[in-house]
Amino acid sequence: MEVLREILPNATVIAALINPTNPAAEVDIEELQNAATRQGVRLVVLNAASESDFDGAFATLIQQRAAALLVAGDALFTGRFDRLISLALQHLVPTVYFSRKFAVAGGLMSYGTSLPDAYRQVGVYVGRILNGAKPADLPVQRAVKVELIINLKTAKALGLTIPPSLLARADEVIE
């Protein structure tokens with residue numbers, strides 16, 4: 001939410017695409033609503049439980065005059081990343097995705113868990129188990145490193161100027 005507000009400081013409405021069948025959906029909505037309140041914007045929740053819901057979700061986004069879109073983490077969205085990117089570009093909607101894969105494929109930005117770091121954490125756990133640690137005795141860990149990827153080609157196509165301060169914080173800038 002914060003990075004979208006840096007790009008679009010005058011935005012008053014931001015939408016979030018959520019799969020309502022995802023067990024984390026309620027928590028995601030609550031966290032996004034809290035972030036929207038802190039940023040002084042109205043959140044519009046768009047539900048999509050299948051690819052056939054995408055067009056309707058984008059129609060609602062346009063109808064509600066949302067300035068931007070956040071796509072929540074979900075396997076459905078990962079599997080249909082090309083369709084989501086296409087719809088965002090077709091409707092000229094600045095969009096932040098949850099995975100690097102989206103920005104590399106032409107999405108505006110991604111902000112999410114660094115998969116190489118997560119895989120490294122898994123390797124450390126496997127090493128501990130192979131060295132005799134009991135899995136039940138190991139603490140549960142969350143992802144430690146998140147990464148911000150910005151696609152400047154897409155920003156240009158959307159007519160956006162990315163602030164230098166945001167570019168400086170990016171882990172990767174695609175030109």
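Translational diffusion coefficient of segment 1-84 (Stokes-Einstein, Kirkwood radius from Cα pairs, 10 °C, 1.306 mPa s): 123 µm²/s.
Its relative contact order, with pairs defined as Cα atoms under 8 Å and 6+ residues apart, puts the chain at 19 percent.
Here r is the Cβ-Cβ distance between Arg120 and Val140 and R0 is 25 Å; the resulting FRET efficiency, rounded to 0.05, is 0.90. Once every Cα of segment 64-175 carries one equal point scatterer and solvent is ignored, give the base-10 log of I(q)/I(0) from the Debye formula at q = 0.11, 0.18 Å⁻¹, two decimals. One equal scatterer on each Cα of segment 64-175 leads to -0.45, -0.88. Taking the helices alone, the chain has a mean residue ellipticity at 222 nm of -12500 deg cm²/dmol, built from -39,500 (n - 2.57) per DSSP H run of at least 4 residues and averaged over all its residues.
You can think of it this way: the chain between Arg169 and Thr37 has 45.2 nm of extra reach, that is 0.36 nm per residue less the Cα-Cα gap. Express the relative contact order of segment 64-158 as a whole percentage, based on alpha carbon pairs under 8 Å and six or more residues apart in sequence. Relative CO of segment 64-158 lands at 29 percent. Converting phi to 3J(HN,Hα) with the Karplus coefficients 6.51, -1.76 and 1.60 and the offset θ = phi - 60°, segment 28-39 yields 4, 4, 4, 5, 5, 5, 4, 5, 4, 4, 4, 8 Hz in sequence order, with x at every glycine or proline.
We did not get these values from a lab; they are worked out from the coordinates using the rules stated. Since this is a predicted model, take the numbers as computed values, not measurements. Cβ atoms come from the backbone with ideal geometry, glycine included; neighbour counts cover every protein chain shown.
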